[in-house]
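Notes follow once the structure below has been shown.
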Amino acid sequence: MKYYPGKIVPQSGIYGMYNTNGQKINEVTCVKNERFPPTISSEQYYKLVRATK
């Protein structure tokens with residue numbers, strides 16, 4: 001599932017940041033119920049890589 005900047009994080013964990021070509025360009029740690037951080041482009045998105053507690 002894709003998640004976009006500013007949306008609420010559904011599960012704490014490590015999320016990959018992907019560009020419009022589907023290439024992973026970074027990884028970030030996100031905490032449940034906080035918001036996903038901004039990206040350089042509004043078309044970039046996040047996908048869960050590793051869930052944490």
Check: Taking the range 1-10 on its own, how many of its residues are surrounded by 13 or more Cβ atoms within 10 Å (Cβ to Cβ) and either in contact (Cβ under 8 Å) with a residue 40 or more places away in the chain or farther than 15 Å from Lys53 by Cβ (or both)?
Finding: 2
Check: How about the range 11-28: which of its residues are part of a loop (DSSP other than H, G, I, E, B), among the small types (Gly, Ala, Ser) and closer than 18 Å to Ala51 by Cβ?
Finding: Ser12
Notebook entry, point to check: In the range 12-30, which residue that is exposed (fewer than 11 other Cβ atoms within 10 Å of the Cβ) and free of Cβ contacts under 8 Å to residues at least 12 places away in the same chain is nearest to Lys2 (Cα to Cα)?
Noted result: Gly22
Next item on the list: Exactly one condition in (1) in contact with a strand residue (DSSP E or B) (Cβ under 8 Å, 6 or more places away or on another chain); (2) among the hydrophobic types (A, V, I, L, M, F, W, C); (3) modelled with pLDDT under 95 is not met by Ile40; state its number.
Entry: (1)
Note to self: If I filter the range 45-53 for residues that are of a type in the set (S, T, N, Q) and within 11 Å of the chain's Cα centre (by Cα), do I get at least one hit?
What the structure shows: no
Margin query: For a quick check of your reading of the model, give me the residue pairs whose first member lies in the range 31-51 and is touching a residue at least 24 places away in the same chain (Cβ under 8 Å) and part of a strand (DSSP E or B), whose second is loosely packed, with under 10 Cβ neighbours inside 10 Å and not charged (D, E, K, R), with beta-carbon atoms closer than 8 Å and at least 6 apart or on different chains.
Written below: Lys47/Met1; Leu48/Met1
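The values are calculated or read from the model by the stated rules, or taken from the named source; none is laboratory data. Bear in mind that the values here come from a model prediction, so they are computed numbers and not experimental data. Quick reminder, even Gly has a Cβ in these numbers, built from the backbone with ideal geometry, and neighbours come from all protein chains shown.
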